[in-house]
Amino acid sequence: METTTGPRSPIRCAIYLRISLDATGEQLAIQRQREDCQRIAEQRGWQIVAEFVDNSVSASDRRRARPGYDRLVEAYQAGQFDALVCWDLDRLTRQPRQLEDWIEAAEERGLLLVTANGEADLSTDAGQLFARIKASVARSEVQRKAARQRRAAAQRAEMGKPPLGVRLTGYTVSGELIGEEAKIVRKVFDRFAAGDSLRSLAAWLTESGVPTRRGQAWNPSSVRTMLTNPRYAGRAVYQGREIGKRGTWEAIVPDDTFAVVQARLADPRRRTNGYGTDRKHLGAGLYRCGVCESPVVSWSGNRYRCPSGCITRAQRGIDTFVTDHIRARLGAPDLADLLPLGESGEATEAQEEVARLRARLDRIGEDYDSGLIDGRRYQVATAKVQAELVGAEAALARLSVNTGAASLLLAADPVAAFEASPLMIRRNVIDMLAMVFLLPAPRGRRTFDEDSVVMLWRKSLAA
């Protein structure tokens, strides 16, 4: 009895391609891997049914998503291929746990795994041993490389050099200033110190066409990341933290401005009652009810309303009245007398204390570099001075809470500067100069009554 069988179906194979870093974005390394893997499949008479690619994606961190790898796993679980071709085993995975999954697939379903370095038969003990050793060696090399990189980064920080990697907006990779970008960074700090919000700054940066370091859109979080970076104040950092040394690069932001910004960001009032958060209306949370003195809120129909219901007033006439009086006050000849820091010597003393402590940190660093003190004494002395510095900067920030808004008073044309300022800064200037109380509007009167708004100036000007 004779039997006949048809031609055997070719083995279905998938190709997986990966490179950790594609600096140019041209995928040239991926193309080289593709050509080698296609040649291997052709030599074995396998039919390529799918290709999965992860370009510029590391396999060292198991927490990092690899979209191509994830689709590869899903396809195999769905039975879409019987063989897998990759350029090298460490292109497929550097994680022992993931390797065990492929070994299990080979044992249970006979998966064929081939690399450009030769066939890796995961169905045999010897093949599994080879794969495990190779994965362990690759993993060990990743860990050694990471340790070397951490030590090199710490050394650069100790020498006051900028970290390597993605450059900081305003600087080249080597720490040289980029003039136009530095002006924008300085403006961001000044505006936030003056009372502007993270959301408003993100919108301004986007509208101005300022690119982010990674090409993504500006948002409050990315603006906050910029504002909290000590490198802009010329301070050396390691793993995002100050180490008590000055950097070798030129600072973009003065120490006192940086201190004010950090105090504003850390102020719990920003979240508990909206202090410093983005606003859409000039007087919401700023003007007060003339009956119960509670801050008014914005209400439907462009109105201000007391939370207790004492008053409900149209915004337009009130805002015009307030801004007209603020313009008049800003146009006074002795405007500089309104500067908050001029009222006492406390702020000056706080500034001097911050400067003294920072100079002390510099001297400690110089003593360590010169071998006058050892590492232990350096750490103890630095920790003590840094603790004192935190308190001094916090005191300076409290005394300088209106420093940013006060800088508007020193502008060549304060009135024009006020009108050109964003909403949050105009609110801060109003709050610095006056307290605004809204009284109930006279009944039956359709026009705005100026006597229904009371402005109490926080400091009198000479007549």
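Read-outs: derived from the displayed coordinates by stated rules, not from any lab. From a predicted model like this one, the values you see are computed outputs, not experimental measurements. In this analysis, Cβ positions are derived from the backbone assuming ideal geometry, glycine residues included, and neighbour counts consider all displayed protein chains.
Report the gain in length on full extension from Q216 to S9: 0.36 nm times residue separation, minus Cα-Cα distance, nm rounded to one decimal.
That pair, Q216 and S9, stretches by 69.7 nm at full extension.
Using the basic label-point model (7 angstrom from Cα toward the beta carbon), what is the E352 to V454 distance in nanometres?
4.1
So if R0 is 30 Å, what FRET efficiency would T172 and A266 give, r being the distance between their Cβ atoms, rounded to the nearest 0.05? Mind dumping the intermediate values first?
Values: r = 31 Å, r/R0 = 1.02.
Efficiency, rounded to the nearest 0.05: 0.45.
Subtract the Cα-Cα distance of R32 and N302 from 0.36 nm times their separation in residues, and report this length gain in nm to one decimal. Walk me through the intermediate numbers first.
Values: separation 270, 0.36 × 270 = 97.20 nm, distance 6.37 nm.
Additional length available on full extension: 90.8 nm.
Could you go through segment 79-87 in sequence order and give the Karplus-derived ³J(HN,Hα) for each residue, using 6.51 cos²θ - 1.76 cosθ + 1.60 with θ = phi - 60°, rounded to whole Hz, and x for Gly and Pro?
Karplus-based 3J(HN,Hα) across segment 79-87 equals x, 7, 8, 10, 9, 10, 10, 9, 5 Hz.
Read phi for every residue in segment 294-309 and hand back ³J(HN,Hα) as whole Hz from Karplus 6.51 cos²θ - 1.76 cosθ + 1.60, θ = phi - 60°, with x for Gly and Pro.
Calculated HN-Hα couplings, in order: 7, x, 7, 10, 6, 9, 4, x, 6, 10, 9, 9, 6, x, 8, x Hz.
Under the 0.36 nm per residue contour assumption, what length would be gained going from the current alpha-carbon distance of E100 and A411 to full extension?
Net length gain for the segment: 105.2 nm.
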